[in-house]
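Q: Below is one structure. I have some questions about it.
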Amino acid sequence: MVEKKSLRKKILFWGALIAVMAFCLFPFVMMFSSAFKLSEGQFDYPPKIIPQEITFQHFKDVFNPEVFPYFTFFKNSLMVASITAGLSVLVATFGAYSFTRLKYKGQKLIQRGVLFIYMFAGILLVIPLFQIVVNAGLYDTRLSLIITYLVQTLPVSLYMLGNYFRTIPESIEEAAIIDGCSRVEVIFKIIFPLSAPALVSVFIYAFMIAWNEYLFASVFLTSEGNFTLPMGLNSLFHTQHYIWGRMMAASLLTAIPVIVLFLMVEKFISGGLTFGGVKE
Amino acid sequence: MGAESKTDELPFFKSLFNPETKSQKEARLGYFLIFPTVALVTGVILYPILYNLWLSLTKVSLGPSQGGEFVGLANYIDVVSDPQFWGAMGTTLIYTVTTVAGATLLGLAVALLLNREFIGRALARGVVLLPYVVPIISIVFAWKYLFNPVFGMANFVLVDVLHLLENPVNWVESPQYALWMAIFFEIWRAFPFAFLMIIAKLQSIPKTYYEAAEIDGANWWQKTLKITLPQLKFVIASLALLRWIWNFNKFSEVYLLSKQVNVVSVYAYEKAFSAYQHGQGAAISATLFLILISFVLLYVKKVLKW
């Protein structure tokens, strides 16, 4: 009797688990299968999950700059995302160190005020920022994106690093100061090495935000040579480049770096953050 | 009064530029290190917000170089008397309410499901996070492909396998169904975030609570209702608030999937960048923000009771 009940429970559990996995994975399965499917096979009806014949042609096309500008978009995204992430780590380390370790007037106000930025989503800023970017002569530059993304990522970066710095015992720093280190030396010689996991996580978080961003890119950029991946791939939707297999291969190549990076720091991101942890 | 406070401030500034004691030195370094953050936030967030308010009071003719003409509240009157705006606001409300509820509940259900020991738990957890991690641009194409009216898997299953529909439907690009597709997509994409936050909280509930309940003969439902849910109340309420703030302004997830879903953010975007009515666009986004803030304050007061 008891065994029967627990068996039924087990079947229910595994059934539910498989359903959840299928729900999460199915779009990825289609992306994967389509990326390796012959162009003629894309419109088969009934649709097939496993392609009859596997081809690497779409990947070859994606990497061929004469066929498809994917490489340019990839390069731009990589550049914008890496610089944004590096600057975000640097600025946020200084900022978070300032309000967790040093005492001055207005410190609490700044600390709370930064989190308030959460309320201002992209759509509220994009119109005035567009005008500011044009007037500053930054229209159609990747620099305009780097500055905007940097500020978008700062609140969470500051929050994550602030929380991490509070776990480093102050006595270590005090000892170093007694030994004759200045505060600035303390930051570079003690805080940076001790915070390595947090710095890497912040870097990856900021990188992902910049890699993903579409709204500002669609407004600030106009020439194809400057397009980032979201902007570039979306602009191809109604052109002759729009071949399903090729788009899926491009999608897959766009997703892989981010997924790999995320899985590397998943433990830290989900363990160390509770609220305000991830901004969209 | 003014003169008095000025003399009070003087030593403060003096110490800032000419620090003598150790604590004055520390304070100077503090300002120095926080300066880049404050400057960036002021330049890229605070100033644009104020500039947006100014823009919303002007009529901006072709291109920003010409400068606007002050028109008072005319843009706001146009926006409020435009039935299209209220239509978009209705769409935004439907989108926000359904996605907040859907993503939070699904996240809760999956967190309860995975909150036990089983083989492959770490793998299952990673798989659940995938929809949240993948860049929007790389997954929208798979969704469009899946729900394609001619050769999509969804129509095949609904029409030819299950016979639930007579004819295939253009899910993504028809005005009738596009909103529901956008909602479905957003729930799929956002539920892992709720899952992540809820399962973190679940793991922190002391085991002794459950052991005590088991001694009293409580079953799974009773334990969930009497112990788990009350413990999760604050997490769920905060998650719903955050998701509400994010989804009320949601743009990319909607616009990249389908151009047929006219939420307010898309409406403002098209007004500003397709019709080049920057003043009106600014007025729409300012109105959107006012409505959002009112919702948030109401929620914080009535639900979170802060």
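The values are calculated or read from the model by the stated rules, or taken from the named source; none is laboratory data. What you see is a predicted model, and the numbers here were worked out from it, not measured in a lab. Cβ atoms come from the backbone with ideal geometry, glycine included; neighbour counts cover every protein chain shown. To get the accessible areas, we keep the full protein, side chains included, count just its heavy atoms, and leave off ligands, DNA and RNA. Shrake-Rupley method; radii C 1.70, N 1.55, O 1.52, S 1.80 Å.
Q: So which of A:Q107, A:Q131, A:Q111 ends up being polar (S, T, N, Q) and in contact with a strand residue (DSSP E or B) (Cβ under 9 Å, 6 or more places away or on another chain)?
A: Among A:Q107, A:Q131, A:Q111, only A:Q131 is polar (S, T, N, Q) and in contact with a strand residue (DSSP E or B) (Cβ under 9 Å, 6 or more places away or on another chain).
Q: If you take the residues of the range B:130-149 that are more than 7 Å from chain A (Cβ to nearest Cβ) and assigned to a helix (DSSP H, G or I), which of them is nearest to B:A190 (Cα to Cα)?
A: B:Y132
Q: Within the range A:103-118, track down each residue that is without any contact (Cβ under 8 Å) to a residue 40 or more places away in the chain and either assigned to a loop (DSSP other than H, G, I, E, B) or open to solvent by less than 20 Å² (accessible area, probe 1.4 Å) (or both). First the steps, then the outcome.
A: Initially, the range A:103-118 is screened for residues without any contact (Cβ under 8 Å) to a residue 40 or more places away in the chain, giving A:103-110, A:112-113, A:116-117.
Across the range A:103-118, the qualifying residues are A:K103, A:Y104, A:K105, A:G106, A:I117.
Q: Taking the range A:210-249 as the region of interest, how many residues are over 30 Å from B:P48 (Cβ atoms) and more than 8 Å from every other protein chain (Cβ to nearest Cβ)? Lay out the reasoning, then the answer.
A: First, the residues of the range A:210-249 that are over 30 Å from B:P48 (Cβ atoms): A:236, A:238-249.
Right, trim to more than 8 Å from every other protein chain (Cβ to nearest Cβ) and you get A:236, A:238-243, A:245-246, A:249.
Summing the residues that are over 30 Å from B:P48 (Cβ atoms) and more than 8 Å from every other protein chain (Cβ to nearest Cβ) in the range A:210-249 gives 10.
Q: Turning to a different aspect of this structure: Under 7 Å by Cβ, and 6 or more places apart or on different chains, what pairs join a residue from the range B:281-296 that is facing another protein chain (nearest Cβ under 10 Å) with one that is of a type in the set (K, R) and surrounded by 15 or more Cβ atoms within 10 Å (Cβ to Cβ)?
A: B:G281/B:K271; B:I284/B:K271
Q: Looking at A:S218, is it assigned to a helix (DSSP H, G or I), among the hydroxyl-bearing types (S, T, Y) and open to solvent by 10 Å² or more (accessible area, probe 1.4 Å)?
A: yes
Q: Given (1) within 25 Å of the chain's Cα centre (by Cα); (2) closer than 26 Å to B:Y31 by Cα; (3) of a type in the set (F, W, Y); (4) open to solvent by less than 30 Å² (accessible area, probe 1.4 Å), identify the lone condition not met by A:F94.
A: Going through (1) within 25 Å of the chain's Cα centre (by Cα); (2) closer than 26 Å to B:Y31 by Cα; (3) of a type in the set (F, W, Y); (4) open to solvent by less than 30 Å² (accessible area, probe 1.4 Å) one by one, A:F94 breaks only (4).
Q: Exactly one condition in (1) at the interface with chain A (Cβ under 8 Å from one of its Cβ atoms); (2) hydrophobic (A, V, I, L, M, F, W, C); (3) more than 25 Å from A:L229 (Cα to Cα); (4) without any contact (Cβ under 8 Å) to a residue 40 or more places away in the chain is not met by B:V127; state its number.
A: (3)
Q: Yes or no: A:F207 modelled with pLDDT of 90 or more, touching a Leu at 6+ places or on another chain (Cβ under 9 Å) and open to solvent by 10 Å² or more (accessible area, probe 1.4 Å)?
A: Against the criterion (modelled with pLDDT of 90 or more, touching a Leu at 6+ places or on another chain (Cβ under 9 Å) and open to solvent by 10 Å² or more (accessible area, probe 1.4 Å)), A:F207 qualifies.
Q: Going by the conditions given, is A:A96 at the interface with chain B (Cβ under 10 Å from one of its Cβ atoms), touching a helix residue (DSSP H, G or I) at 6+ places or on another chain (Cβ under 8 Å) and part of a helix (DSSP H, G or I)? Break it down stepwise before answering.
A: Values: at the interface with chain B (Cβ under 10 Å from one of its Cβ atoms): yes; touching a helix residue (DSSP H, G or I) at 6+ places or on another chain (Cβ under 8 Å): yes; part of a helix (DSSP H, G or I): yes.
Spelling it out, A:A96 is indeed at the interface with chain B (Cβ under 10 Å from one of its Cβ atoms), touching a helix residue (DSSP H, G or I) at 6+ places or on another chain (Cβ under 8 Å) and part of a helix (DSSP H, G or I).
Q: Is it true that some residue in the range B:85-99 is part of a loop (DSSP other than H, G, I, E, B), of a type in the set (G, A, S) and touching a helix residue (DSSP H, G or I) at 6+ places or on another chain (Cβ under 9 Å)?
A: no
Q: Of the residues that sit in the range A:17-31 and are closer than 21 Å to A:I256 by Cβ and of a type outside the set (F, W, Y), which one is farthest from the other protein chains (Cβ to nearest Cβ)?
A: Of everything passing the filter in the range A:17-31, A:V29 is farthest from the other protein chains (Cβ to nearest Cβ).
Q: Kindly indicate whether any position in the range A:83-91 is surrounded by 20 or more Cβ atoms within 10 Å (Cβ to Cβ) and either farther than 22 Å from A:A196 by Cβ or modelled with pLDDT under 95 (or both).
A: no
Q: Looking only at residues that are without any contact (Cβ under 8 Å) to a residue 24 or more places away in the chain and assigned to a helix (DSSP H, G or I) in the range A:54-77, which one is nearest to A:L143 (Cα to Cα)?
A: Once the filter is applied, the top-ranked residue is A:K75.
Q: Which one of these is surrounded by 15 or more Cβ atoms within 10 Å (Cβ to Cβ) and either within 13 Å of chain B (Cβ to nearest Cβ) or touching a residue at least 40 places away in the same chain (Cβ under 8 Å) (or both): A:S34, A:S6?
A: A:S34 is the lone residue from the list that is surrounded by 15 or more Cβ atoms within 10 Å (Cβ to Cβ) and either within 13 Å of chain B (Cβ to nearest Cβ) or touching a residue at least 40 places away in the same chain (Cβ under 8 Å) (or both).
Q: Which ones in the range A:127-157 are more than 7 Å from chain B (Cβ to nearest Cβ), under 20 Å from the mean Cα position of the chain (by Cα) and open to solvent by less than 20 Å² (accessible area, probe 1.4 Å)?
A: A:S144, A:L145, A:I146, A:Y149, A:T153, A:P155, A:V156, A:S157 - these are the residues of the range A:127-157 that are more than 7 Å from chain B (Cβ to nearest Cβ), under 20 Å from the mean Cα position of the chain (by Cα) and open to solvent by less than 20 Å² (accessible area, probe 1.4 Å).
Q: Hey, can you tell me all the residues within the range B:184-201 that are open to solvent by 10 Å² or more (accessible area, probe 1.4 Å) and either touching a Gly at 6+ places or on another chain (Cβ under 7 Å) or not in a helix (DSSP H, G or I) (or both)?
A: Answer for the range B:184-201, where residues must be open to solvent by 10 Å² or more (accessible area, probe 1.4 Å) and either touching a Gly at 6+ places or on another chain (Cβ under 7 Å) or not in a helix (DSSP H, G or I) (or both): just B:I187.
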